[in-house]
Amino acid sequence: MELPMLTDLYQFTMAYGYWRSGRHREAAEFELFFRKAPFHGEFTIYCGLEESLRYLKDFGFSRSDLKYLKSVMPSTVEDDFFRYLETVDATEVTVTSFPEGSVVFPREPLMRVRGPLLVVQVLETTLLCLVNYASLVATNAARFRLAVGPEKRLLEMGLRRAQGPDGGLSASKYCYVGGFDCTSNVLAGKRFGIPVAGTVAHSYVTSFSSIDEVQRPALRPAGGQEEVDFLKLSQTWLEKVCQLLKMMPPHSTNAGELAAFISYAIAFPLGFLVVVDTYSVMMSGVPNFCAVALALHQLGYKAVGVRLDSGDLARQSVEVRKIFRLCAERFDVPALETLSIAVSNDISEKSLKLLTRVENEINVIGVGTHLVTCTLQPSLGCVYKLVQVNDQPRMKLSEDQEKMTIPGSKAIYRLYDGSGQPLLDLLALEEEPPPEIGKEVKIYELGKNTETQTVTPLRAELLHRVYFKNGQLSDREPLPSIKEVRCWAQRSLTSLSPQHRKLDDPQPYRVAVTEKLHSLLSALRRSSGESRAGLMQYWTGNR
């Protein structure tokens, strides 16, 4: 995809305005942030950094790009502007950022982008596109993981419901970062190294209607040479299972389903996991499965398990496990007792929380639509705002106080208490010294009209790192693998207080500014009706 052109037209009209007025080379800084945490929660998992950095590394316009731009820009735009754009790249751009996978909070800059005003302006839309959905879906996945706990495996299976192929790939990638174990998306597995998994659809089961359709019924035992008639062996076991379960008459299960299971087991004797609710879970699917699983065991293989895709998933999982245990004990096959029970069926965060609050024997949960489409909140709402030009602060003043920006180039610190949990995140002007350990720090909490507060940090962590400089990825901060990003995301979440991780009514996490930054904010608000010269005089005198 031609990412430099994946942007809004007004980026180029502004770029021409900067160029035409001779301001295109002025040093500028933008910040990318969001104003409110998604899903009524308190945290967000920051993602999209790697893709943003790779976009910057290759940033530039081709002649065909510029030819198209010239065709859609007003005829008054000078040709020299397009010739200038042909020279534009990101060699003067510097990006500092949270590490990808970090837990982040509203109003703090996830990414700071410095460089020539024209260049860093044109980057806006693409960077927002690369970060917004990635962070949203990773956060959604993290919430599903928190809802279900660490023990159960989570399978992302939303490709068919995703917003196009790019949305599907992004969902698979960032759901893995957020805590899912694997994906059904084969291309995501190939591109990103994410574990892939899959089961059998109902269409496979319904494609069989009789035992006669198993045309190659032989299976060689594990480690053996002579093939065995696996169809007859499975039928023999089905008689025993039906007698154990007191099913009358024997062989009352669906013959087509049994044929499908036998066929699949012959094809995948080491990966036999099938869907058992095509007809009747307890009267057909589970007995047929147990018969084929016992036949596999007799030949030295071990079945994997079953999938439930309808009905009361928790209750059915308990009933299925009882049958597994009964067969394991009656036929002396202990492995049958611990077979996997996977579930799916339009699972949402709400239904998942209800599912885990009742007795269940579920091992694997497949989630699709509500995960990848983020139905509870379709957008994170990241914005990209100018905070400094030529070392002078810039601030958006608005009648809506929430939309006011925090000016100046800033550093971000996470302050910790004695138990190692974060107290708050602190925004400071970049030239300010870092907070001193064990000494009181005066702060002003964002979003609250309160007087100054004090905190005493026992540890202070500088959160931003330089990831991109002079057109190159930083040698000091090599990009981590996706598995490392996933581990970092889980560690970041674990470091939070359980009260901040709660999915419902979490305790607000504090983001604050230093006394000096608060003074600047106050002065800018007071001077909103005054001359810019007076504002600049205040800024210069208080640096």
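Condition first: within 34 Å of the chain's Cα centre (by Cα) and in contact (Cβ under 8 Å) with a residue 40 or more places away in the chain. Now tell me which residues in region 448-459 satisfy that.
Once the filter is applied, which keeps residues that are within 34 Å of the chain's Cα centre (by Cα) and in contact (Cβ under 8 Å) with a residue 40 or more places away in the chain, region 448-459 yields V455, P457, L458, R459.
Only one of (1) at pLDDT below 95; (2) open to solvent by 60 Å² or more (accessible area, probe 1.4 Å); (3) within 30 Å of G438 (Cβ to Cβ) fails for W488. Which number is that?
Unmet condition: (1).
Search region 272-319 for residues being in contact with a strand residue (DSSP E or B) (Cβ under 6 Å, 6 or more places away or on another chain) and assigned to a helix (DSSP H, G or I), and hand back the single one that is surrounded by the fewest Cβ atoms within 10 Å (Cβ to Cβ).
Among those residues, the one meeting the criterion is S317.
Is it the case, given these coordinates, that S97 is within 30 Å of D181 (Cβ to Cβ), out of contact with any helix residue (DSSP H, G or I) (no Cβ under 7 Å at 6 or more places or on another chain) and buried (at least 23 other Cβ atoms within 10 Å of the Cβ)? Break it down stepwise before answering.
Values: within 30 Å of D181 (Cβ to Cβ): yes; out of contact with any helix residue (DSSP H, G or I) (no Cβ under 7 Å at 6 or more places or on another chain): no; buried (at least 23 other Cβ atoms within 10 Å of the Cβ): yes.
Considered against the rule, which asks whether it is within 30 Å of D181 (Cβ to Cβ), out of contact with any helix residue (DSSP H, G or I) (no Cβ under 7 Å at 6 or more places or on another chain) and buried (at least 23 other Cβ atoms within 10 Å of the Cβ), S97 comes out as no.
Please go through (1) free of Cβ contacts under 8 Å to residues at least 12 places away in the same chain; (2) out of contact with any helix residue (DSSP H, G or I) (no Cβ under 9 Å at 6 or more places or on another chain) for T494 and return the number of the only condition it doesn't satisfy.
Status for T494: all satisfied but (2).
Which condition number in (1) modelled with pLDDT of 95 or more; (2) within 30 Å of R54 (Cβ to Cβ); (3) small (G, A, S) is the one that A512 fails?
(2) is the only condition that A512 fails.
Looking at region 169-195, which of its residues are surrounded by fewer than 21 Cβ atoms within 10 Å (Cβ to Cβ) and either closer than 14 Å to A141 by Cβ or touching a residue at least 60 places away in the same chain (Cβ under 8 Å) (or both)? Lay out the reasoning, then the answer.
In the first step, residues of region 169-195 are kept if they are surrounded by fewer than 21 Cβ atoms within 10 Å (Cβ to Cβ); the result is 169, 181, 184, 186-187, 189-193, 195.
Of everything in region 169-195, those that are surrounded by fewer than 21 Cβ atoms within 10 Å (Cβ to Cβ) and either closer than 14 Å to A141 by Cβ or touching a residue at least 60 places away in the same chain (Cβ under 8 Å) (or both) turn out to be D181, S184, F192, G193.
L56 - would you say it is assigned to a strand (DSSP E or B), in contact (Cβ under 8 Å) with a residue 40 or more places away in the chain and either open to solvent by 50 Å² or more (accessible area, probe 1.4 Å) or closer than 30 Å to Q490 by Cβ (or both)? Can you show your working first?
On the way: assigned to a strand (DSSP E or B): no; in contact (Cβ under 8 Å) with a residue 40 or more places away in the chain: yes; either open to solvent by 50 Å² or more (accessible area, probe 1.4 Å) or closer than 30 Å to Q490 by Cβ (or both): yes.
In short, no.
Of the conditions (1) more than 28 Å from S184 (Cβ to Cβ); (2) open to solvent by 20 Å² or more (accessible area, probe 1.4 Å); (3) not in a helix (DSSP H, G or I), M247 satisfies every one except a single condition; which number is it?
The one condition M247 does not meet is (2).
Does L123 meet the test of being in contact with a strand residue (DSSP E or B) (Cβ under 8 Å, 6 or more places away or on another chain) and modelled with pLDDT of 95 or more?
Details: in contact with a strand residue (DSSP E or B) (Cβ under 8 Å, 6 or more places away or on another chain): yes; modelled with pLDDT of 95 or more: yes.
Criteria met by L123.
Can you run down the residue pairs with Cβ atoms below 6 Å, 6 or more apart or on separate chains, where the first is in region 460-471 and at pLDDT 95 or above and the partner is open to solvent by 40 Å² or more (accessible area, probe 1.4 Å) and assigned to a strand (DSSP E or B)?
Nothing qualifies.
Could you please tell me which pairs satisfy a Cβ distance under 6 Å, a separation of 6+ or placement on different chains, a first residue in region 196-213 that is part of a helix (DSSP H, G or I), and a second residue that is of a type in the set (D, E) and surrounded by 16 or more Cβ atoms within 10 Å (Cβ to Cβ)?
V205/E257
Could you please tell me which pairs satisfy a Cβ distance under 7 Å, a separation of 6+ or placement on different chains, a first residue in region 70-86 that is in contact (Cβ under 8 Å) with a residue 12 or more places away in the chain and within 19 Å of R25 (Cβ to Cβ), and a second residue that is among the aromatic types (F, W, Y) and part of a loop (DSSP other than H, G, I, E, B)?
Cβ pairs passing all conditions: L85/F61; E86/F61.
Got a number for residues in region 221-244 being assigned to a loop (DSSP other than H, G, I, E, B) and either aromatic (F, W, Y) or in contact (Cβ under 8 Å) with a residue 24 or more places away in the chain (or both)? Give the steps one after another, and end with the answer.
The first filter runs over region 221-244 and keeps only residues assigned to a loop (DSSP other than H, G, I, E, B), leaving 221-227.
Retained after the next criterion (residues that are either aromatic (F, W, Y) or in contact (Cβ under 8 Å) with a residue 24 or more places away in the chain (or both)): 221-224.
Count: 4.
Just name the residue that is nearest to Y18 (Cα to Cα) out of those in region 372-420 that are assigned to a strand (DSSP E or B) and open to solvent by 40 Å² or more (accessible area, probe 1.4 Å). Before the answer, list the steps.
We begin by selecting, within region 372-420, every residue assigned to a strand (DSSP E or B); these are 383-389, 392-393, 410-416.
Still in the running and open to solvent by 40 Å² or more (accessible area, probe 1.4 Å): 385-386, 392.
Numbers: K385: 16, L386: 14, Q392: 17 Å.
Here the residue is L386.
One residue is enough: does region 259-268 have a residue meeting the conditions crowded, with 16+ Cβ neighbours inside 10 Å, touching a residue at least 60 places away in the same chain (Cβ under 8 Å) and of a type in the set (F, W, Y)?
Yes.
Might you check whether a residue that is in contact with a Cys (Cβ under 9 Å, 6 or more places away or on another chain), part of a helix (DSSP H, G or I) and surrounded by fewer than 16 Cβ atoms within 10 Å (Cβ to Cβ) occurs anywhere in region 320-339?
Checking region 320-339: at least one residue is in contact with a Cys (Cβ under 9 Å, 6 or more places away or on another chain), part of a helix (DSSP H, G or I) and surrounded by fewer than 16 Cβ atoms within 10 Å (Cβ to Cβ).
The values are calculated or read from the model by the stated rules, or taken from the named source; none is laboratory data. Predicted, not measured: the structure shown is a model, and the values here were computed from it. Cβ coordinates were reconstructed from backbone atoms using ideal geometry, including for glycine residues, and neighbour counts include every protein chain displayed. To get the accessible areas, we keep the full protein, side chains included, count just its heavy atoms, and leave off ligands, DNA and RNA. Shrake-Rupley method; radii C 1.70, N 1.55, O 1.52, S 1.80 Å.
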